[in-house]
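Q: First the structure, then my questions, so here it is.
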Amino acid sequence: MKYTHFLFVLCLLLLASCAKKAPEPIQVQIPTRPVNYLHEVKPVLDKRCAVCHSCYNSPCQLKLNSYEGVDRGGSKKAVYNASRLSTMDPTRLFIDAKTTEEWRTKDFHTVTESTAGDGVNNSLMLQILNHKMENPASTGDYFSEADDLTCSETSIELDGYLSKHPNRGMPFGFPPLTKEEFELIAGWLAQGAKGPSDAEQEKLTTPLPADAAEIVKWETFFNNSDTKHAVTARYLYEHLFLAHIKFGTDTNEYYEFLRSKTPPGEEIDLIDSVRPYDDPEVDTFYYRFRKIHSTIVHKTHMVFNFDNAQMARFKELFIESKWLQTPHLMGYDETESANPFIVFEQIPPKSRYQFLLDNAHYVIMTFIRGPVCRGQIALNSIADHFWVMFMDPEADLSVKYPAFLKLQKDNLIMPIEKGSKFPVRDLIGNKYDKAIDRYYKARQDYYMALNYEGLNYDAIWKGNDESDTPLLTIYRHFDSGSVHKGVLGDLPRTMWVMDYSLMERLYYALVAGFDVYGTVGHQLAIRLYMDSLREEGETYFLNFMPEDIRQEMVESWYKGVSPDKLIFHDAGMPTQIKYTTAKPKQEFIEYVVNNHINPVTNISFDKINYVPDNNFPELPTKYETMEDYMQAFRAVSKPGTAFFSFVTDFNANIVYIRIRKNDGTDAVVTMVINRWHDNVSFLFKEKNTLDPSKDNVDFLQGFHGSYPNYFIDVHQDDLPDFFDILDHLDETDREETLKRFDKYGINRAEKDFWQHYDWFQERFNKDQPVQSGLFDLNRYYYRTFDQSQME
C-alpha cells in the first residue's frame, strides 16, 4: 500500500515537472494617446499581414484585411481538406456569424485579447510578432500550408511551438516589422485592440451618395414583381454572386450582390445559403447590395460593372426578348436547381449565351480564381498555357435549336446535383462522366447531320464591342491561375472552343455548385467532371482541324494515356477550311486573329512572345528602350534554356521584374514560366508528367497573376550581366550562379524585402486602380538563402 502511494506521488511530481508554464508576458510601453485602428493599425496589417491572411487559404482562417476578421481570430479547422468525409460547417466572414460570441461557438479563438496586467501583454498576436523581432532571421524553407504549422489557441501552446521552431515568428518567413510598426501594434493591443468607432464603422459600411442612388435603381430592377424580371434576376444573381460590383460612378468602391429577407430601405438580413441556387427558405426575399469594406485582395477581386449600358443590355437580352415559354417562377428543388438547363429553359438560350459571351472574361475568371481553383481540386486539370475561343451564337446549334438541349437534359446533369455530400462510392461507374460522353457524342453527330460540309471561320465568335473578349489566354501557375484578354505568349499546345452548354456547365460545376466546405467525394467528383469538360473544349477545337490529323493531335496532348480513356469522338464531319500549310493549328489561329476577330476588340498577337517558327531574336547590342528589353527577354526564352530548367521548382512560376531606367522611371515585366506536362489527366503524381527540358517562358509587360513567386530588381546598366545569367547559366556551378543571381533576385529573407514588395504593390495600384488589389505572398518562393547557404 505504501509502495502504491509512493508511485502515485512520484507520478504527480513527474507530471508537475513536465507541465508547461505560460511564457512571460511581453513588456509594452502603453501609448499616451489612443492608437487609431483605421488610420494607423490597419495600414500595417494590410501591408504586412493581410498579404497572407485574407482568403479561404488564410493560415488558421485568420483574415486580417478587416477588423471583423481580426476580432474573429483564428481556428484549427482547415477550409481546404482533401480527405474530409463529412461536410464542414461554413465559416464565411460576414455571412455565417455576426458577433464575436457566435464565432467563439464555431471554435474561433482570439488573437488579440490579453489576460496579463497593465504594462504587459500576452495576446497571441503580440507574442508571435515579438518572437520575430527577437529572432529576425529567416532560415530554411517556408510553406504556408505545411502540415507542421500550428494554429495555437493559447500562449502556452504557441510558446511550445516557437520553442521548437524559433524562426517561425510572424511575418512568416519574411523580415520582421520595423521597430515603429511593432510598437504601434503593441500599443494598440495594450489599449484593448479596439476597432473603428461607431461613426467610423458607419462611414465604412455606408455607400456614398452617388452609389446609393445607383443601388436604388438596381434594387428596383432586380426586385420588380413582374415574373420575367424575377426569373431574369435569379439567372443574373446565380452568375454574379462572386462579383465585386462597381456602379457607373467615380467612387471606386465595390459591392456584393446578395439575397436578403428584408426589402430595400431596411437593414440587410442575409440569406446565408452555401450556393446561390439553394432554397432561400422564405416565401419572399429580395436582391440587395452590400458595400465591401474589407481591403481588396487581387485573388478574389472580380469586377463587374453595373452602369447604364449594362442595364440597357440586360433589358435587351432578357426583358425585351421573346421567351420560349410563358414566364413562370421555378422552385428550389435541390436536384432541379442544380441544372440551369431546366430552371432557365424558358429564357432563350441565345440570350443566356450572349450574356456569357458579353462577360466571357469575368465568367472564365470565376473558374480560375474562384474557391475551386486550388491544387488538386481543379487547377492541375488544365494545361499551364492555352487559348480559348467561343462558338458564334449563329453557329451554336444548341442556341439555334433549343429543342436539342431539352432532348439532352438527362445528359446535362452535373455532380453538383448531389450537393456537398457526394458519396465517394458513387464515383464508381461515374454516371456523370458517362452522361458527358453521351452528350458529347450526340452533339458531334448532331453537328455532322446539320453541318455535313463542316465548320468554317464564321463559326468562331468575333466579338461586337471594344470590351468583348472573343479570345482569352489562360495561364496555370502551378497552384494559382490567371486569365487575360487576347492571345498572350507563344503558340500553345492546346486550344479550346466553348459553346453555350460547355460554358454553362463549367460555371455551374466549378463555381455556382462548388462547396469549398464539401466532402472529399464532392471535391473529387468536381475534379473528374472537370477533366471531361476540358477534353470536350479541346475536341471542339479539333472540329476545325483537318480530319486526318485530329486523332494524332489529341494523342499528342495526352501522352501516356490510352486513347480509349478519352472522350474524343470524331463524327467524321469535314472542315470547310482549306489549309495551305503543314501547320493547320498555327494557320487557323493566325487567320482568326489577323483576319476574323473584330478589330474593335484590339486583339492581336503578342509580338514579343509569339514565335511559333522558333525564330528567336539575338540579344540586343544596347539596352535603352522597352523594345530592347523585351527583345532581350525573348532572346533568352528558348524552351529548355538552362536558367528556366534551374527554377523548375513549383514555387517559381510568376516573377515580377523591376527595371530601373537611367531616366529615373521604371518598367515592370512579368516572367511566366509554363511547365510542360505530357498530359493533365492525372490526379496524383504530377511530377511524373513533367518534362523541364520543354518548359517555356513568356515575358509580359505589366502585372499578371495574383501570387508573385519572386521579385527581381535590376538597373538598366546591369541588364547585360542579368541577361547573360539567363542565357548562359552554368548548372555545374550552383554557388557561382546563386551569387550572381542574388544581386538581382529578392529572396524572402532579405532585410529590405518589404521595401521591394511595397514598390511593386504601389505600382500595381497605380497602373490598375480598378482591377488591382493586394498581392498574396503565401506562395512566394519558399527557400531562403544567403551566401553561407550557397556552399
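The values are calculated or read from the model by the stated rules, or taken from the named source; none is laboratory data. In this text, all values refer to a predicted model and were calculated from it rather than measured experimentally. No Cβ is skipped: glycine too gets one built from the backbone with ideal geometry, and neighbour counts run over all protein chains shown. Only protein heavy atoms, including side chains, enter the accessible area calculation; ligands, DNA and RNA are left aside. Shrake-Rupley method; radii C 1.70, N 1.55, O 1.52, S 1.80 Å.
Q: Rounded to the nearest whole Å³, what is the per residue volume of the convex hull around the Cα atoms of segment 573-725?
A: Working: hull volume 27.0 nm³, N = 153.
Per residue, the Cα convex hull of segment 573-725 comes to 177 Å³.
Q: Over all directions, how big on average is the projection of the convex hull of the alpha-carbon atoms in segment 415-566, in square nanometres?
A: Working: hull surface 44.4 nm².
That works out to 11.1 nm², a quarter of the Cα hull's surface.
Q: Suppose accessible area is computed on protein heavy atoms with a 1.4 Å probe; arrange Glu334, Glu316, Glu538, Glu750 from highest to lowest.
A: Values: Glu334 125, Glu316 95, Glu538 10, Glu750 45 Å².
From most exposed to least exposed: Glu334, Glu316, Glu750, Glu538.
Q: Over the chain, what is the relative contact order in percent, taking alpha-carbon pairs closer than 8 angstrom and at least six residues apart? Write down the numbers at each step before the final one.
A: Working: 1332 pairs, mean separation 102.7, N = 791.
It rounds to 13 percent for the chain.
Q: Determine the relative contact order of segment 258-399: mean sequence separation of Cα pairs under 8 Å and six or more apart, normalised by residue count, in whole percent. If you can, show how the numbers build up before the last one.
A: Details: 97 pairs, mean separation 28.6, N = 142.
Relative contact order, segment 258-399: 20 percent.
Q: Mind ranking Ile319, Ile347, Ile156 by accessible surface for me, highest first, 1.4 Å probe? Numbers along the way, then the final one.
A: Details: Ile319 35, Ile347 0, Ile156 70 Å².
Putting Ile319, Ile347, Ile156 in descending order of accessible area: Ile156, Ile319, Ile347.
Q: For q values of 0.16, 0.17, 0.28, 0.32 Å⁻¹, compute log₁₀ I(q)/I(0) with the Debye formula on a Cα-only model of segment 747-789, without solvent.
A: Here log10 of I(q) over I(0) equals -0.52, -0.57, -1.02, -1.13.
Q: May I ask what percent, to the nearest 5, of DSSP beta bridges between residues of the chain are antiparallel? Display every interim value, and only then the final one.
A: Values: 39 of 56 bridges.
The answer is about 70 percent antiparallel.
Q: With a bin width of 10 angstrom, please list the P(r) values of segment 688-746 as percents of all Cα-Cα pairs, from the 0 bin to the one holding the largest distance.
A: 16, 43, 37, 5, 0
Q: Moving on. In Å³ and rounded to a whole number, note down the convex hull volume per residue for the Cα atoms of segment 390-482. Could you put the intermediate results ahead of the total?
A: Numbers: hull volume 16.5 nm³, N = 93.
Residue-normalised Cα hull volume stands at 178 Å³.
Q: Could I ask something else about it? Just to compare against my own numbers: the Cα pair-distance distribution for segment 65-193, 10 Å bins, whole % per bin, please.
A: Answer for segment 65-193: a P(r) of 11, 37, 37, 13, 1 percent.
Q: How big is the Rg/Rh ratio for segment 566-608, C-alpha atoms only, Rh by Kirkwood, two decimals?
A: Details: Rg = 13.9 Å, Rh = 12.8 Å.
Checking Rg against Rh, the ratio lands at 1.09.
Q: Now a separate question. Can you give the three extents of the C-alpha atoms in segment 676-783 along their principal axes, from longest to shortest, in whole Å?
A: For segment 676-783, the Cα spread along each principal axis is 40, 36, 26 Å.
Q: Right, something else. Tell me, how many Å apart are the Cα centres for segment 479-518 and for segment 563-613?
A: Here the two parts' Cα centres lie 19 Å apart.
Q: Here is a follow-up. In the structure shown, do any of Lys299/Lys661; Lys350/Lys687; Lys228/Lys406; Lys441/Lys559 have a Cα-Cα gap over 32 Å, and if so which?
A: Numbers: Lys299/Lys661 30 Å; Lys350/Lys687 43 Å; Lys228/Lys406 20 Å; Lys441/Lys559 23 Å.
Lys350/Lys687, as the Cα separations exceed 32 Å there.
Q: Suppose each label sits 7 Å from its Cα in the direction of the beta carbon; what would the Asp742-Thr139 distance come out to in nanometres?
A: Roughly 1.5 nm, to one decimal.
Q: Still on this structure: Run the helix sum for the chain: -39,500 (n - 2.57) per DSSP H stretch of 4+ residues, divided by residue count, reported at 222 nm to the nearest 500 deg cm²/dmol. Walk me through the intermediate numbers first.
A: Working: 27 runs with 264 residues, N = 791.
Computed ellipticity for the chain at 222 nm equals -9500 deg cm²/dmol.
Q: Then there's this: If you bin the C-alpha pair distances of segment 219-304 every 10 Å from 0, what whole percents do you get?
A: Histogramming segment 219-304 at 10 Å steps yields 16, 50, 29, 5 percent.
Q: What number comes out for the charge environment of Ala635, summing +1 per Lys or Arg and -1 per Asp or Glu over other residues with Cβ under 12 Å away? Please report the intermediate quantities before stating the final value.
A: Numbers: positive: Arg634, Lys638; negative: Glu618, Asp628, Asp724, Asp727.
My count for the surroundings of Ala635 gives -2.
Q: Moving to a separate point now. With only alpha-carbon atoms in the gyration tensor, what are the semi-axes of the equivalent ellipsoid for segment 584-657, in Å, largest first? Please list the in-between numbers first.
A: Numbers: eigenvalues 142, 61, 38 Å².
With the √(5λ) rule applied to segment 584-657, the semi-axes are 27, 17, 14 Å.
Q: Moving on. Using the alpha-carbon centroid of each, what span in Å lies between segment 656-725 and segment 53-73?
A: A separation of 30 Å, based on Cα centres.
Q: Now for a different question. Specify, per residue and in Å³, the volume enclosed by the convex hull of the alpha carbon atoms belonging to segment 21-78. Kindly include the intermediate steps, with their values, before the conclusion.
A: On the way: hull volume 6.8 nm³, N = 58.
With only Cα atoms used, segment 21-78 gives 117 Å³ per residue.
Q: Shifting gears a bit: In nanometres, what is the gap between the two model label sites at Glu183 and Asp733, each 7 Å from Cα along Cα-to-Cβ?
A: Output for this residue pair reads 4.7 nm.
Q: Same structure again: Just for the Cα atoms in segment 172-318, what are the lengths along the principal axes, largest first, rounded to whole Å?
A: Per principal axis, max minus min of the Cα coordinates gives 61, 33, 31 Å.
Q: Have a look at Val655, Val216, Val611 and report the one farthest towards the positive end of the charge dipole of the chain, computed about the Cα centre with Cβ charges (Lys/Arg +1, Asp/Glu -1).
A: Value: Val216.
Q: Let me ask you something else. Rg(Cα) of the chain divided by 2.2 N^0.38 Å? It would help to have the intermediate numbers written out before the result.
A: Details: Rg = 28.0 Å, N = 791, 2.2 N^0.38 = 27.8 Å.
Here the answer is 1.01, to two decimals.
Q: Give the lysines whose C-alpha is closer than 20 Å to that of Lys164, dropping any in the same chain fewer than 8 places away, or say none.
A: Counting by Cα, and skipping residues close in sequence, Lys164 has these lysines nearby: Lys20, Lys21, Lys76, Lys132.
Q: What pairs from Lys77/Lys421; Lys77/Lys179; Lys400/Lys578; Lys194/Lys751 go past 29 Å between their alpha carbons?
A: Violating the 29 Å Cα-Cα cut-off are Lys77/Lys179; Lys194/Lys751.
Q: Summing +1 for each Lys or Arg and -1 for each Asp or Glu, what net charge is found among the other residues whose Cβ lies under 11 Å from the Cβ of Ile30? Walk me through the intermediate numbers first.
A: Working: positive: Arg33; negative: Asp118, Glu183.
Cβ neighbours under 11 Å give a net charge of -1.
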